[in-house]
Amino acid sequence: MGLSVRNVSYAYGEKRALDDVSFHVSPGAFCALLGPNGAGKSTLFSLLTRLMTTTGGMIEIAGFDISKHPRQALAQIGVVFQQPTLDLDLTVRRNLSYFAALHGLSGREAESRIEAALERLDMAERIAERARDLNGGHRRRLEIARCLIHSPSVLLLDEPTVGLDAAARTAITKHVHDLSAQEGMTVLWATHLTDEISLDDQVAILHKGRLLQQGSSHEITNGAPLKDVFLSMTGAEA
Amino acid sequence: MRAGLIALWAILLREALRFVRQRSRFIAALIRPLVWLIVFAAGFRAALGLSITPPYQTYITYEIYIVPGLCGMILLFNGMQSSLSLVYDREMGSMRLLLTSPLPRWWLLFCRLLASTTISILQVYTFLAVAAIYGIDMPWHGYIYAFPALIVGGLMLGALGLALSSAIRQLENFAGVMNFVIFPMFFLSSALYPLWKMAESSALLRDICALNPFTHAVELIRFALYGQFNAAALAWTVLAGIVFLGLALWGYDPSRGMKRKAG
């Protein structure tokens, strides 16, 4: 169960974006997919969410092969894309009820799940506000609340703290770590910022479409700062 | 099945809310055909003599002739507006939300299509009401018979918009759609002049008009507004709708990729 990526490759024409990438995230683990810009993280997320498909390799989400059982696999994932996907002119409630409906939830059940998800992200008092009136940090929290509504077992977050100030980044990173630790959710968190990763997290380092290393943060760093290890592996700015 | 209907309702509601918010879009959608009806038709009336052709059983004024074409115009422009909104959704990211739903992708796209067609039909009936106030009314049963014709025509033109949206990568490219799709489709059709009139000036242009699926959507609506059924127009419109929908589903196939290049 959890999330498995096996021998996945993808190319845009001649340009190879992912080259034989394999890694596994255990159920309930927080795994940071660490890579500089252009490493292939967003391509991998597009494959994990079936926005794109590939014949090279296999992706399993909570035990479902995404190419054979796409609907069951998609039902198991909650996604926060790098690019915001809120309808800014709708209220928080309408944004969430629209998403709930796309997952077949309506009426009282949807309502109670929406309230619970907002409660979990400390956003309950914002339910009647328009998404446009929320600040950047709250919009991101709303997107995280939204991806919890259908009770997914795997959370995929593609650079969710991009554009946020330090306080909002810290709060969101903590919220998602808590979801993994307390609710047993499997988390794949794509980032290029090493300070979002704690020592107990799993780390998969992606560079130029290839997976350079996977393991727990302290195994990979062996006591050295993760930022230095990452820089020495990729030669990129962290 | 239930999940699919819940999603359909949510998508319809979202499109309706979006439309209500964009009042200027509603007003523009209404004013455009009214300008044709009140201003252009008045000018063209003297220039164009119309003989008795089905479904009309007597001589008609030019204003009466172009009403079905203007209904088609609303469907056409709205189909393209919906295409624009899909491209916008993709650029803004909200398309991803739709496409990562566990429901079948074809169903989700069909829901979008149905939602935009519903909005178009509401606009058409508003236009017909204003036209009736202006003095151009149809037989009462025509308004009822026109409903299924508007659904078929609206779905076909919406499917065209959907197919175009899968091919248009940026909002900036949308102006090209206006120039190369909407205007030729509208002017090379029976919306503004009957095909026999077009044949008087050019047989080739008449043939092009006869091949244009928009012509058949307009004729389907025209006959329906007079309580008559045009089987050939229905067949052409449905066939074109199936082709466009097939192209749209192909365009949104995940194996083709949602975007050409990612980071």
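Derivation of every value follows stated rules applied to the coordinates shown; laboratory data play no part. All values reported here derive from a predicted model rather than from experimental measurement. Because the Cβ atoms are built from the backbone with ideal geometry, glycine has one as well, and the counts that use them run over all protein chains shown.
For the reader, a short list of remarks on this structure follows.
- Residue-averaged beta-carbon neighbours from other chains (10 angstrom radius) around A:94-107: 6
- Here the relative contact order of segment B:1-152, from alpha carbon pairs under 8 Å that lie six or more residues apart, stands at 32 percent.
- Estimated vicinal HN-Hα couplings, Hz - segment B:214-226 in sequence order (Karplus 6.51, -1.76, 1.60; Gly, Pro = x): 5, 4, 6, 4, 5, 5, 4, 5, 4, 5, 4, 5, 10
- Cα-based Rg / Dmax (Å) for segment A:1-59: 11.4, 37
- Solution diffusion estimate, µm²/s, Stokes-Einstein, segment B:1-148, Kirkwood Rh from C-alpha pairs, 10 °C, viscosity 1.306 mPa s: 92 µm²/s
- Proximity of backbone amide H atoms, modeled 1.01 Å from N, is registered between A:Leu155 and A:Gly78, A:Thr186, A:Val187, A:Leu188 at under 5 Å, excluding neighbours fewer than 5 places apart on the same chain.
- Cα-based equivalent ellipsoid of segment B:139-220: semi-axis lengths in Å, sorted from largest, via gyration tensor: 25, 21, 9
- Every Cα-Cα pair of segment A:153-238 was included, and the share exceeding 19 Å stands at 39 percent.
- Whole-number percent relative contact order across segment A:1-113, with pairs defined as alpha carbons under 8 Å at least 6 apart: 22 percent
- In this calculation the C-beta distance from B:Ile242 to B:Tyr125 is compared with R0 = 22 Å, giving a FRET efficiency of 0.25.
- Neighbouring partner chain Cβ atoms per residue of A:6-19, average, 10 Å criterion: 1
- A DSSP coil position with no more than 14 other Cβ atoms inside 10 Å describes the following trypsin sites (Lys or Arg not before Pro) in segment A:1-71: A:Lys68.
- Partner aspartates and glutamates for A:Lys68 [C-alpha distance under 14 Å; skip if fewer than 8 residues away on the same chain]: A:Glu60
- Over the protein assembly as shown, equivalent-ellipsoid semi-axes from the Cα gyration tensor in Å: 52, 23, 18
- Nearest-0.05 FRET efficiency for B:Glu172 and B:Ile38, computed from C-beta distance (R0 41 Å): 0.75
- Proximity of backbone amide H atoms, modeled 1.01 Å from N, is registered between A:Met123 and no other residue at under 5 Å, excluding neighbours fewer than 5 places apart on the same chain.
- Amide H contacts under 5 Å for A:Ala17, placed H, 5+ residues apart: A:Tyr10, A:Ala11, A:Tyr12
- Over segment B:2-254, the pair-distance histogram of Cα-Cα distances with 5 Å bins from zero comes to 1, 6, 13, 18, 20, 16, 12, 7, 4, 2, 1, 0 percent, rounded to whole numbers.
- For segment B:75-166, convex hull of alpha carbons as volume per residue, Å³: 91 Å³
- Across segment A:46-55, computed HN-Hα scalar couplings (Karplus, 6.51 cos²θ - 1.76 cosθ + 1.60, θ = phi - 60°) run 5, 6, 5, 9, 6, 5, 9, 10, 9, 8 Hz from first to last residue, x flagging Gly and Pro.
- Note on segment B:114-263: the C-alpha convex hull projects to 11.0 nm² when averaged across all orientations.
- Mean separation of Cα contacts under 8 Å, 6 or more apart, over the residue count of chain B: relative contact order %: 25 percent
- Pairs of alpha carbons in segment A:86-151 whose separation is greater than 18 Å (percent): 23 percent
- Ranking B:Thr100, B:Leu205, B:Ile38 by Cα position along the charge dipole of chain B, where only Lys, Arg, Asp and Glu carry charges on their C-beta atoms, puts B:Thr100 farthest toward the positive end.
- Partner shielding of B:95-108 amounts to 6, given as the average count of beta-carbon atoms from other chains within 10 Å of each residue beta-carbon.
- Here the mean projected area of the convex hull built on the C-alpha positions of chain A is 12.6 nm².
- In this calculation the C-beta distance from A:Asn7 to A:Lys208 is compared with R0 = 22 Å, giving a FRET efficiency of 0.80.
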